[in-house]
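Rule-based calculations on the coordinates, nothing more; no lab input. If you're wondering where the values come from, they're calculated on a predicted model, not measured in any experiment. When we count neighbours, we look across all protein chains shown, and the Cβ atoms used for this are built from the backbone with ideal geometry, even at glycine.
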Amino acid sequence: MNRRSSSNCFINYLLMNSHHHGTTSTIRRTMMRSLMNNNSGLTTTKTTLINNNNRGGHLNILSSSSVSVNNNNNRREFKTNYWTQSKQENGNIVDHSLVEALITFESSRKSVNDNLSILCNQSDITEERLTSILNQKIIEKLDPSTIFTMMQFYAKKGNAPKVKELYRHIKNPNEESKKQLVKLLALAGSRLKTKTNPESITPKVAKNLMKTMPSNINVAHKRSISELKEVEDALKKKKDSVSYTHSVVIEAFSIRGNMKQAETYFENIQHVNTEVLNSMIDGWIRTLTKSDKSLIEGQSENTSEESFNFVKGRVNYYFDLFDLYKIKRDVRTYAYFLRFKFIEALFVDPKDPDVNSIVDLIESMISKDKISPDNYFVSTFLARLNTIHSKAKVKKLYSTYKKHLLKVKVTNANNLAILTTLANSKCIPEALSLFEHLKKSLPTNEKTTAYEIMISMFLESDDEAAIVLIDDMIQKKVPRSSKTYYSVLNYFSQQGNHKAVSKYFQLLQVEGVSLTPEILKVSLKSLALTRSKKQVMDILKRAETENYLTEESCSSFIGTYGLLEELEEAERVFNLFKDTNMLDIYNEMLCTYVNHSCVGDAITLYLDYPMKGDIFTYETLVGALGISKEYSAILQIHKIMIKLGIRPTFKYYDQLIDILTKEPVTDPEVKSFLQSLPDEMSQFNIGQIEQLIMRLLF
């Protein structure tokens, strides 16, 4: 089917059949209608603007003669049928029945996730009502973030079994998700059980029980405090555990963010020891990591700086009490204080923190107090080292690590974390030195990770050493993973080196490395330009069969099918994912139409955009209209873009001027527009504006 447009058919592309309800789309149509009605220069000899029936701002443009474009079904229609949410005008009350229908019947993965999140965040939705609409088919569509939102919903309802059940649907959970599960189970009311008699409760048992109590004050504050008192009383009967009891109780208060009660409790302690002071320091530092930034229950709201300075004062106070009470600090004291020093450095200057106090603290611990660092101290240091991004400061801290902490044996994971920090901060000599040491001792899988870290570092610096490392992996038969190849393929794709992309994709295939949506996204275009159509089509079909056609990769599928002259396939993929309302998907389909000179399809699609688009959208549209020499229409599109707040770029203006001045300018409207461009470009602070103005003058 031939759908290529002629040069004078812009008006004939029947823009009135799009029925999208989006606000931006309606504004766009209303503006297009207004602009076109006020501009007679837009119509050509074969077209007439005859009617705008005021249907929600939809522009109705009909041909005055029977144009073959319509009779031969060349015009494409993009009809969308979007569910809309019912809201009261002022209250934003969600219609639960409608949202539930959306979840049950909507095929789009994104829509299911979005609507479940809406439902879970409604205070009046019941546990039974949410459970009733969940089934295996729905759960399979859920993203991890949505599953956690639902887990939080059930946790607040006290339904721990449902929390565990939902967690099982998260594929390959990481350490952070496991921590979240523990917190949500605590929130669900994993209640403190005291069925055993008081004599059987030991300090260790008590400490573990304390940590299982609900951590959300609003949900279980009263209950947890009463249970805390019960354990405290039981422990006091064992006189040899009293000092340990104090630190456990303080820790329990601090976990709940209730440092006001912890302070009161501390004041009544007769025998203060190292563990008690450590618990008070740790408790106050915990408040700095609370998401609500509330430091003391009932305290009035403070500015961030006031809050920080208050906590700093309390931490320093308890650190100094060691000297006042003549109590020895231990390595845990310094580990807590080290954590605070990192927080302080980043609070004062996040971009270039002063790390001298951190270095001084470590040296003081070792030389003054003669305390040797342990695994906890080193782990604290390494975890916080990753929060520093200044190259010079990372170098200084790493030097301190090698001087004072290197004797402590750390895990391979710790070493890889150090290597990652050095690589991210571009501390190349230090990273290379550590890498050379690690690759001799790391097991195979972790050796691959070390290579990947170094390859990514060099690629980000456009350093060809990355390619040397890849060749080194091949020679030494170090296994390559999807991540290894993604870094390389992404780099060469951005460079436009299609042959290199094709080469490494071939290596990936030979080695049997699994494809990923990310790899396909950066590789398909290069493959379409360097391999036969049959080879690329085979790759595309296999990728679809193996479920690699996802929201992440679908725009590349659309573009690749376009390059292969398979427009129907491109449209099929677009229709599968258009309801996700992702801009890159719409832009890719728009670009594909333009590349095939289907200007009418491109304009129709643009009017169906559920979003306002970006500068690429308008560059593509202007290019499309330039093909058909619809200069007046280009001016209208430009006005719409400016009205919608899309900021033009040098590239956009360069293309615009090139199109409008390619032929001698005779249209008064175009002449006037070109004369006004220098002032407009100045308003947007366009770089190299002189080059553009010279082109306008000559």
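When the Karplus curve 6.51 cos²θ - 1.76 cosθ + 1.60 is applied with θ = phi - 60°, which whole-Hz ³J(HN,Hα) does each residue of the range 458-472 get, with x for Gly and Pro?
Couplings: 5, 5, 5, 9, 6, 9, 5, 4, 4, 5, 4, 5, 5, 4, 5 Hz.
Using each residue's phi in the range 627-644, evaluate 6.51 cos²θ - 1.76 cosθ + 1.60 at θ = phi - 60° and report the 3J(HN,Hα) Karplus result to the nearest Hz, with x for Gly and Pro.
Once θ is set to phi - 60°, the couplings for the range 627-644 become 4, 8, 6, 8, 5, 5, 5, 4, 5, 5, 4, 4, 5, 4, 4, 5, 4, 7 Hz.
If you scale each eigenvalue of the Cα gyration tensor by 5 and take the root, what three semi-axes come out for the range 478-590, rounded to whole angstrom and sorted largest first?
Here the semi-axes work out to 23, 15, 13 Å.
What base-10 log of the normalised intensity I(q)/I(0) is obtained for the range 365-488 from the Debye formula, alpha carbons as equal point scatterers, at q = 0.11, 0.18, 0.21, 0.23 Å⁻¹?
Listed by q, the Debye log ratios stand at -0.40, -0.96, -1.22, -1.39.
If you plug each phi of the range 275-285 into the Karplus form 6.51 cos²θ - 1.76 cosθ + 1.60 with θ = phi - 60°, what whole-Hz ³J(HN,Hα) values come out, in order, with x for Gly and Pro?
3J(HN,Hα) across the range 275-285, in whole Hz: 4, 5, 5, 4, 5, 5, 5, 4, x, 5, 5.
List the GluC sites (Glu not before Pro) within the range 515-550 that DSSP assigns to loop and that have no more than 14 neighbouring Cβ atoms inside 10 Å.
Those that pass, being in a loop and sparsely packed, are Glu546.
Across the range 349-427, how many lysine pairs, 8 or more apart or on two chains, come within less than 14 Å at their alpha-carbon atoms?
Lysine pairs, 8 or more places apart or on different chains, close enough: 7.
In what order do His638, His404, His389 fall by count of nearby beta-carbon atoms within 10 Å, going from fewest to most?
Ordered by Cβ neighbours within 10 Å, fewest first: His389, His404, His638.
Of all the C-alpha pairs in the range 539-698, what % are more than 21 Å from each other?
50
Quickly rank 319-331, 561-573 as a protection proxy: mean count of other C-beta atoms within 10 Å, highest first.
Per-residue mean Cβ counts within 10 Å order the peptides as 561-573, 319-331.
Given charges of +1 on the Cβ of Lys and Arg and -1 on the Cβ of Asp and Glu, with all other atoms neutral, how large is the dipole of the range 600-661 about its Cα centre, in debye to the nearest 20?
Its charge dipole is roughly 260 debye.
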